[in-house]
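Each value in this text was obtained by applying a stated rule to the coordinates, not by laboratory testing. Values in this document were obtained by computation on a predicted structure and should not be read as measured data. So basically every Cβ, Gly included, is an ideal-geometry build from the backbone, and we count neighbours across all protein chains shown.
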Amino acid sequence: MRKRKLFDKEKRLKDLEIKLSFYEGKLLNQMSTYRGIVSESVASPIKHQELIMLYTHVDDLKKEIEELEAD
């Protein structure tokens, strides 16, 4: 049973690291074209919100990985 838990933990860590890599790439891609909130643009606040959501998701994934590694 303990061996199964260890395997599940390793699999979960690997999955989280793959997701983290994917979302970090998306975040970097969006950051490269981000110009801040442009007052004349309707889409600008939406892009800003998407960027904040991606940043938060990446941060949450990092925290979850740290918690799993600490156990």
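Does LEU51 satisfy the condition of being aliphatic (A, V, I, L, M) and surrounded by 12 or more Cβ atoms within 10 Å (Cβ to Cβ)? Taking the combined requirement at face value, the residue satisfies it.
Residue by residue through the range 24-45, note down the ones that are in a helix (DSSP H, G or I) and either farther than 26 Å from LYS63 by Cα or under 16 Å from the mean Cα position of the chain (by Cα) (or both).
Across the range 24-45, the qualifying residues are GLU24, GLY25, LYS26, LEU27, LEU28, ASN29, GLN30, MET31, THR33, ALA43, SER44, PRO45.
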